[in-house]
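Before anything else, here's the structure in question.
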Amino acid sequence: MLVVARMQHWRDKLLSRGTKLDVRGLRDTMDQKNIVEIDDLHYARGSRQIFKGLNLEIKRGEVTAIMGPSGTGKTTLLRLITGQLLPDRGRVRVDGQWLGELRRAQMYQLRRNIGMLFQNGALLTDLNVFENVAFPLREHFDLPQRLIRHIVLTKLHAVGLRGAAYMEPGELSGGMARRVALARAMAMDPKILIYDEPFVGLDPISMGVIVRLVRRMNDALNISSIVVSHDVQEISSVADRSYLISDGRVAASGSPDELSNAPSELVRQFMHGMADGPVPFHFPAPDYASQLFNDRPVDDQGES
Amino acid sequence: MHTLTEALRNFGALQLFFVRLLRESPAVMLRIGLVSRQVFKAGAQSLMLIMVCGFFVGAVIGLQSYSNLLRFGAEDVVGQFAALALMKELGPVITALLFAGRAGTALASEIGLMRTTDQLSAMEMMAVDPISRVVVPRFLGGAISLPLLNCIFTAVGILGAYIVAVPLMGLDGGAFWSELRQGVADYDVNEGIIKGVVFGITASLIAVWEGYNAIPTAEGVGRATTRTVVNTAVAILIFDFMITAVAIGSTG
């Protein structure tokens with residue numbers, strides 16, 4: 001009996017701490033227009049400078065696309081927005097809170113308001129679909145079974161997979177896994193939904209489903225969405241505003257129409273998928289002729 | 001020089017990791033379901049392996065000690081000899097080595113694959129700490145299982161020695177058990193139990209550490225699994241010597 005009482009005491013203590021933080025967070029952020037603000041962001045991995053003074057604003061209630069050639073650090077940017085990485089210089093503000101100033105517990109509190117969809121879904125492989133969606137609820141709240149069941153089935157219904165509730169993650173196709181992950185990301189009713197390359201490797205039907213879901217979730221739940229992608233066509237059809245990132249900065253921003261008519265060479269190359277342009281077709285290499293007719297092939301490896 | 005500082009840095013990080021696991025452990029202990037599932041996976045599912053190996057290790061001890069002690073006419077002490085050897089050395093060490101191969105590799109590759117497939121990041125994004133949700137239950141599961149497996153190994157081993165020495169080789173059963181009970185003191189039993197506990201913590205710690213820090217590629221997970229077995233084996237043998245030295249020093 002004593003043990004049970006002790007456990008309840010600790011649980012109450014933990015829960016009360018959680019709710020206190022939440023209330024304060026709400027009050028601070030009531031009237032912010034931008035849900036994410038990035039100010040003069042610098043970030044380097046090893047000797048490679050990935051961001052050199054990036055400025056970006058994401059408005060509440062909109063679907064914002066972040067585009068850019070492969071290797072421009074789009075996924076890194078998401079990790080910076082979600083506080084999994086901290087910038088070398090500059091600041092990131094999410095939902096009214098500067099990430100650098102948050103303690104670990106506050107960061108976790110903030111993340112309860114962020115749903116994130118990983119590239120491959122990242123479903124927990126030892127739980128079935130239902131338990132995956134229920135996972136954040138079970139971890140954070142002490143809800144009755146019936147309520148959890150209710151919430152999970154509603155979320156699964158929203159992505160059209162109520163019928164797959166008792167399947168294992170291994171049995172799902174790529175598109176279905178991503179939809180389950182989307183249901184899981186929504187389980188906590190977040191204010192921000194983040195999609196990391198949601199369209200990669202999907203067949204046209206699954207792609208269409210995901211595109212529609214991005215828009216529908218955003219409008220129906222009145223949340224803000226951030227979509228990282230380089231599928232120009234798909235993303236243009238759903239985004240309210242797009243940012244094109246290149247060489248560590250924002251190269252262009254605006255509505256999809258503004259971007260595709262932009263005067264910049266780089267933006268045109270990217271939006272229309274041209275093979276050569278400011279982003280060259282050839283990776284930097286020594287002179288072609290001299291390398292071909294070089295009689296010391298060791299030099300090709302860059303070693304001497 | 002560089003590799004030395006690297007090794008020291010790793011060793012220090014491992015200890016900080018250990019402290020973090022210990023700090024999270026009491027809270028995780030309250031979630032009995034999480035821990036008991038890991039005790040089942042690491043412990044109960046290794047049971048058959050441990051019992052078969054324990055039986056044959058005990059049997060070979062019975063055989064060797066009987067045939068060699070016979071030369072000195074001291075075959076009566078086979079029971080005592082087998083019990084001491086199993087309890088103090090072979091039980092804890094072989095259990096820990098088998099555990100590293102069976103449960104340790106499973107832990108390391110499971111956690112490593114969870115990292116590779118972004119499951120740990122996904123948990124962090126759901127504001128769930130992967131250390132307390134994934135790593136600590138597995139660590140506790142292993143640390144609880146190994147001492148229990150050690151006891152079972154030792155018990156089955158003594159039975160194996162008995163079956164070889166008494167019914168097979170014709171030693172007197174009464175002599176076997178009475179020598180065993182007279183010759184084994186409390187501190188002998190304690191030494192074996194302490195070794196089991198220390199090895200359990202060591203083997204589980206190394207397995208979850210290697211898995212958690214695996215490089216998120218197929219090759220990285222493979223290397224983490226290998227390192228788990230190798231590092232556990234080395235650590236176990238070093239600790240075995242140290243605990244034995246302390247035990248002998250303190251009991252004379």
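The values are calculated or read from the model by the stated rules, or taken from the named source; none is laboratory data. Just so it is clear, the structure is predicted and the values come from calculations on it, not from any experiment. Reconstructed Cβ throughout: ideal geometry from the backbone, glycine too, with neighbour counts over all protein chains shown.
Would you mind finding the one in A:Leu127, A:Leu85, A:Leu123, A:Leu80 that is surrounded by 14 or more Cβ atoms within 10 Å (Cβ to Cβ), within 14 Å of another protein chain (Cβ to nearest Cβ) and assigned to a helix (DSSP H, G or I)? Steps first, answer last, please.
Details: A:Leu127 fails: assigned to a helix (DSSP H, G or I); A:Leu85 fails: assigned to a helix (DSSP H, G or I); A:Leu123 fails: assigned to a helix (DSSP H, G or I).
Within the list A:Leu127, A:Leu85, A:Leu123, A:Leu80, the selection yields A:Leu80.
Being surrounded by fewer than 18 Cβ atoms within 10 Å (Cβ to Cβ) and modelled with pLDDT under 95 narrows it down to one of B:Ala214, B:Ala165, B:Ala185, so name that one.
From the options B:Ala214, B:Ala165, B:Ala185, the qualifying one is B:Ala185.
Within the stretch B:103-140, track down each residue that is away from chain A (no Cβ under 13 Å) and not hydrophobic (A, V, I, L, M, F, W, C).
Once the filter is applied, which keeps residues that are away from chain A (no Cβ under 13 Å) and not hydrophobic (A, V, I, L, M, F, W, C), the stretch B:103-140 yields B:Gly104, B:Thr105.
What do you reckon, is B:Ala27 touching a residue at least 60 places away in the same chain (Cβ under 8 Å), in contact with a Phe, Trp or Tyr (Cβ under 9 Å, 6 or more places away or on another chain) and within 13 Å of chain A (Cβ to nearest Cβ)?
Numbers: touching a residue at least 60 places away in the same chain (Cβ under 8 Å): yes; in contact with a Phe, Trp or Tyr (Cβ under 9 Å, 6 or more places away or on another chain): yes; within 13 Å of chain A (Cβ to nearest Cβ): yes.
For B:Ala27, the condition - touching a residue at least 60 places away in the same chain (Cβ under 8 Å), in contact with a Phe, Trp or Tyr (Cβ under 9 Å, 6 or more places away or on another chain) and within 13 Å of chain A (Cβ to nearest Cβ) - is met.
Something else about it: Given the stretch A:195-298, what helices (runs of 4 or more DSSP H) lie entirely inside it while holding 3 or more residues that are modelled with pLDDT of 80 or more? Steps first, please.
Numbers: elements: A:204-221, A:232-238, A:256-260, A:265-271, A:288-292.
Here the list reads A:204-221, A:232-238, A:288-292.
Let me ask something additional. I need a count of the residues in the stretch A:168-194 that are part of a loop (DSSP other than H, G, I, E, B) and either touching a strand residue (DSSP E or B) at 6+ places or on another chain (Cβ under 9 Å) or closer than 29 Å to A:Glu37 by Cβ (or both). If you could, list the steps in order and put the result at the bottom.
Taking the stretch A:168-194 first, the residues part of a loop (DSSP other than H, G, I, E, B) are A:168, A:172-173, A:187-191.
Cutting the leftovers down to either touching a strand residue (DSSP E or B) at 6+ places or on another chain (Cβ under 9 Å) or closer than 29 Å to A:Glu37 by Cβ (or both) gives us A:187-191.
Final tally of qualifying residues: 5.
A:Pro136 fails exactly one of the following numbered conditions: (1) within 13 Å of chain B (Cβ to nearest Cβ); (2) part of a strand (DSSP E or B). What is the number of that condition?
Status for A:Pro136: all satisfied but (2).
Is it the case that A:Leu143 is surrounded by fewer than 20 Cβ atoms within 10 Å (Cβ to Cβ) and without any contact (Cβ under 8 Å) to a residue 24 or more places away in the chain? Even if it seems obvious, please write down each step before you answer.
Numbers: surrounded by fewer than 20 Cβ atoms within 10 Å (Cβ to Cβ): yes; without any contact (Cβ under 8 Å) to a residue 24 or more places away in the chain: yes.
Here the answer is yes, as A:Leu143 does meet what is asked.
Please work out if A:Arg149 is outside any loop (DSSP other than H, G, I, E, B), within 30 Å of A:Arg249 (Cβ to Cβ) and either within 14 Å of chain B (Cβ to nearest Cβ) or not aliphatic (A, V, I, L, M) (or both). Steps first, please.
Values: outside any loop (DSSP other than H, G, I, E, B): yes; within 30 Å of A:Arg249 (Cβ to Cβ): no; either within 14 Å of chain B (Cβ to nearest Cβ) or not aliphatic (A, V, I, L, M) (or both): yes.
Taking the combined requirement at face value, the residue does not satisfy it.
Of all the residues that make up the stretch A:88-118, how many are in contact (Cβ under 8 Å) with a residue 60 or more places away in the chain, crowded, with 17+ Cβ neighbours inside 10 Å and within 13 Å of another protein chain (Cβ to nearest Cβ)? Let's see the steps before the verdict.
We begin by selecting, within the stretch A:88-118, every residue in contact (Cβ under 8 Å) with a residue 60 or more places away in the chain; these are A:94-97, A:105-106, A:109-110, A:112-118.
Imposing the further condition that a residue be crowded, with 17+ Cβ neighbours inside 10 Å reduces the set to A:94-97, A:109-110, A:112-118.
This time we only want the ones that are within 13 Å of another protein chain (Cβ to nearest Cβ), so: A:94, A:109-110, A:112-118.
Residues meeting the conditions: 10.
Let me ask something else. Could you list, in sequence order, the residues of the stretch A:169-205 that are of a type in the set (Asp, Glu), within 14 Å of chain B (Cβ to nearest Cβ) and over 19 Å from A:Leu78 (Cα atoms)?
First pass over the stretch A:169-205, keeping only residues of a type in the set (Asp, Glu): A:171, A:189, A:196-197, A:203.
From what is left, the residues that are within 14 Å of chain B (Cβ to nearest Cβ) are A:189, A:196-197.
The one that is of a type in the set (Asp, Glu), within 14 Å of chain B (Cβ to nearest Cβ) and over 19 Å from A:Leu78 (Cα atoms): A:Asp189.
Then there is this: From the residues in the stretch A:251-272 that are buried (at least 19 other Cβ atoms within 10 Å of the Cβ) and touching a strand residue (DSSP E or B) at 6+ places or on another chain (Cβ under 7 Å), which one is nearest to A:Pro69 (Cα to Cα)? Give the steps one after another, and end with the answer.
The initial filter retains those residues of the stretch A:251-272 that are buried (at least 19 other Cβ atoms within 10 Å of the Cβ), namely A:251-253, A:256, A:259, A:267, A:270-271.
Then keep just the ones that are touching a strand residue (DSSP E or B) at 6+ places or on another chain (Cβ under 7 Å); that gives A:251-253, A:256, A:259, A:267, A:270.
Values: A:Ala251: 11, A:Ala252: 13, A:Ser253: 15, A:Pro256: 16, A:Leu259: 15, A:Val267: 11, A:Phe270: 7 Å.
Step by step, filter the stretch A:251-272, then rank; the result is A:Phe270.
Still on this structure, I have one more. Condition check: within 14 Å of chain A (Cβ to nearest Cβ) and out of contact with any Leu (no Cβ under 7 Å at 6 or more places or on another chain). Does B:Ala59 satisfy that? Walk me through how you get there before you give the answer.
Details: within 14 Å of chain A (Cβ to nearest Cβ): no; out of contact with any Leu (no Cβ under 7 Å at 6 or more places or on another chain): yes.
Against the criterion (within 14 Å of chain A (Cβ to nearest Cβ) and out of contact with any Leu (no Cβ under 7 Å at 6 or more places or on another chain)), B:Ala59 does not qualify.
Here are B:Val164, B:Val189, B:Val156: which of them is touching a residue at least 60 places away in the same chain (Cβ under 8 Å) and under 13 Å from B:Gly54 (Cα atoms)?
On the way: B:Val164 fails: under 13 Å from B:Gly54 (Cα atoms); B:Val189 fails: under 13 Å from B:Gly54 (Cα atoms).
Result: B:Val156 is the single residue among B:Val164, B:Val189, B:Val156 that is touching a residue at least 60 places away in the same chain (Cβ under 8 Å) and under 13 Å from B:Gly54 (Cα atoms).
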